[in-house]
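Everything on this sheet refers to the single structure shown next.
The values are calculated or read from the model by the stated rules, or taken from the named source; none is laboratory data. Not measured: the values here are computed from a predicted model. For neighbour counting, all protein chains shown are included, and Cβ atoms are generated from backbone atoms with ideal geometry for every residue, glycine included.
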Amino acid sequence: MLGLFTKFGWYLKQHWISYTSAAICLTLANICAILPPQIIGRGLDYLSAGTLTSERLWGLVGLLIAIIVIGYIVAFIWSYLFSLNGHRLERDLKKRYFSHIIRMEGPFFQRFNVGDLMLRATVDLRSVSVATSDGVFMFLESTVYLGMIILFMVISVDWRLTLAAIVPLLFISVSSTFLGKKIHTVYTKAQAEMSQLNTVLLESVKGVRVVRAYVQENKDIERLSEQAATVRDFNVEVAKIDACFEPVINGLFGLSYAIAIGYGALLVFAQQITIGELVAFNLYIGMLGWPLYAIGGMINLLQRGNASYDRFMEVLNTPAVVLDSDAAKAVQTFEELSFEQYTFAYEPTLEPVLKDINFTIKKGQTVGFVGKTGGGRTTIIRQLLREYPLGSGQIYLNGEPLSFYKTDDIRHLVSYVPQEHVLFTKNIRENVRLGNPMATDEQVDQALIDADFSKDIRHLSDGLETLVGEDGVMLSGGQKQRLAIARAFVAKREILVLDDSLSAVDGKTEATIIEHLIEARKNKTTIIIAHRLSAVKHADQIFVMEDGKIIEHGTHEQLMDLNGWYTEQFNNQNFNE
């Protein structure tokens with residue numbers, strides 16, 4: 001139960017002043033809450049003894065009012081501080097979380113899907129925040145407040161009566177510990193199923209057009225319903241366990257009340273305590289209700305927060321597989337890239353997707369990679385960008401091993417237009433400026449011209465201010481590709497990689513973009529991965545890949561003379577056109 005506090009020891013130490021201030025104010029508030037029964041008991045004793053004067057009455061009333069006002073002020077302060085600390089922790093953990101996942105590579109996203117990562121960053125993190133604010137408050141409330149009430153019962157009334165009344169309450173700890181462990185186990189399973197539901201829902205929303213196209217709406221609804229039912233069943237199980245807390249506490253609390261009244265009455269008849277003390281004692285018994293209920297709420301919150309924190313930290317504790325060495329150097333220019341006897345497999349047990357790759361690309365060259373689907377062309381770019389651990393053989397950048405340089409610096413050399421064109425829910429201008437946030441309006445306009453997108457602007461409702469929607473839903477496939485290319489153009493980096501980025505445009509548009517590309521990329525390096533050979537016909541070098549190997553290499557003319565795969569494919573494409 002206290003495991004979560006141990007895990008958050010670093011945060012408690014960091015904000016110890018705030019937590020200490022909140023604890024002091026909570027203690028003062030508890031004292032203010034405990035004093036009224038004493039005042040009421042004192043008034044009843046005055047009344048029964050016939051010594052209650054108007055001065056004493058108004059003095060007692062004034063004292064009650066003062067205690068209430070002070071209690072309100074300190075209660076506001078501790079409530080604010082606990083809430084502030086919880087939200088501050090949530091902010092800090094979100095920052096750490098997003099900073100971590102944004103730097104992770106391919107293997108990480110193979111292990112954690114998007115829906116799961118979203119749930120951990122929202123629902124799980126919120127559970128942690130509530131546990132460290134409301135949970136900490138309930139912990140202090142159920143220990144400090146409870147202890148102070150019992151202390152006042154012993155000092156101001158009778159220790160024998162107090163001991164007899166609290167014996168049943170000792171069993172609350174045992175039952176709460178047992179139920180808390182069950183909540184932790186079941187809640188962890190419920191959150192795992194909720195992650196799966198998030199994934200299924202995300203796939204359904206993103207793939208709604210495909211679902212409709214294949215008339216699979218009913219099956220998709222059934223799939224979602226089955227997963228939602230599984231989540232419901234686990235959450236119902238959590239609710240069942242949670243529902244056990246209140247009856248257990250009520251039963252034991254009622255037994256304690258009965259002992260207090262029965263045994264207390266005997267002590268009054270024996271003249272060992274006064275009627276006023278018995279009334280005050282029973283008021284204290286009534287005040288025990290909140291801290292006892294708080295124990296159940298605290299255990300529930302802390303166990304949920306503990307389970308959520310473990311799920312959250314599972315992501316943060318997943319190490320990056322691509323790490324720079326302490327001796328890694330900065331690199332700001334590009335001169336040459338070489339692959340020498342390079343072999344790579346995504347998993348050690350899988351067949352290599354790159355086999356004995358050898359080639360050299362020099363600054364200013366335009367290079368094309370063509371071949372059958374699955375030949376390993378995109379994997380070469382992933383190795384350059386260090387999205388996966390390096391394989392066997394060697395990759396040299398400017399004559400040094402790729403691992404000699406800092407990964408971020410290598411990536412700053414490259415403008416990459418991937419096969420999946422990622423657009424954000426921003427307008428046209430903002431999407432282009434992602435490539436270079438400092439780009440001027442003239443540079444943005446020129447990039448759009450080079451990507452042959454400027455002709456589309458006049459057909460958009462708000463021109464460059466047009467929102468493209470989530471994933472560019474407002475644009476066609478060809479428009480998405482060209483907007484992504486414009487983003488890469490405006491970045492003006494040493495290496496431009498177009499990974500099958502002209503597949504959704506017609507031949508005339510492709511020819512226009514290639515013409516602009518040649519002009520805009522003079523003395524800079526361009527790598528084009530394509531299926532249409534017309535996109536690489538102008539390249540200085542063309543590599544033909546099949547099953548992870550380079551089977552042909554040369555210029556367009558040289559490859560045509562070989563009468564191999566390239567020649568056959570080029571003739572087929574020209575014939576079809």
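General observations
- Scoring R487 on the criteria (1) over 25 Å from L385 (Cα atoms); (2) modelled with pLDDT of 85 or more leaves a single failure, condition (1).
- Test: residue in the range 360-369 that is assigned to a strand (DSSP E or B), at pLDDT 90 or above and either surrounded by fewer than 13 Cβ atoms within 10 Å (Cβ to Cβ) or acidic (D, E) (or both): no
- T440 meets each of the listed conditions (1) of a type in the set (S, T, N, Q); (2) buried (at least 18 other Cβ atoms within 10 Å of the Cβ); (3) over 26 Å from E568 (Cα atoms) apart from (2).
Residues checked against (1) at pLDDT 80 or above; (2) closer than 22 Å to Q303 by Cβ; (3) assigned to a helix (DSSP H, G or I); (4) outside the structural domain of G147 (by TED's automatic domain parsing):
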site: S173; (1), (2), (3), (4): no, yes, yes, no
site: S176; (1), (2), (3), (4): no, yes, yes, no
site: L179; (1), (2), (3), (4): no, yes, yes, no
site: H184; (1), (2), (3), (4): no, yes, yes, no
site: Q191; (1), (2), (3), (4): no, yes, yes, no
site: L197; (1), (2), (3), (4): yes, yes, yes, no
site: L201; (1), (2), (3), (4): no, no, yes, no
site: V205; (1), (2), (3), (4): no, no, yes, no
site: V211; (1), (2), (3), (4): no, no, yes, no
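- So E277, is it of a type in the set (D, E) and over 30 Å from V136 (Cβ atoms): yes
- Being among the charged types (D, E, K, R), touching a residue at least 12 places away in the same chain (Cβ under 8 Å) and within 21 Å of T366 (Cα to Cα) is true of R411.
- Every listed requirement among (1) among the hydrophobic types (A, V, I, L, M, F, W, C); (2) modelled with pLDDT of 80 or more; (3) crowded, with 21+ Cβ neighbours inside 10 Å is met by L278 save one, (2).
- Some residue of the range 131-152 being over 30 Å from G264 (Cα atoms), in contact with a Ser or Thr (Cβ under 7 Å, 6 or more places away or on another chain), crowded, with 18+ Cβ neighbours inside 10 Å and at pLDDT below 80: yes
- As a summary of the residue check, V331 satisfies the conditions (1) in the same structural domain as L464 (by TED's automatic domain parsing); (2) part of a loop (DSSP other than H, G, I, E, B) except for the one numbered (1).
- In the range 406-432, the qualifying residues are those that are surrounded by 20 or more Cβ atoms within 10 Å (Cβ to Cβ) and not aliphatic (A, V, I, L, M), and the one that is nearest to I529 (Cα to Cα) is Y416.
- Matching residues, the range 549-566, being more than 50 Å from the chain's Cα centre (by Cα) and either part of a helix (DSSP H, G or I) or buried (at least 18 other Cβ atoms within 10 Å of the Cβ) (or both): E557, Q558, M560, D561, L562
- Residue that is modelled with the lowest pLDDT, among those in the range 436-462 that are over 20 Å from T509 (Cβ atoms) and in a loop (DSSP other than H, G, I, E, B): S461
- Of everything listed in (1) of a type outside the set (F, W, Y); (2) touching a residue at least 24 places away in the same chain (Cβ under 8 Å); (3) touching a Phe, Trp or Tyr at 6+ places or on another chain (Cβ under 9 Å), the single unmet condition for H15 is (3).
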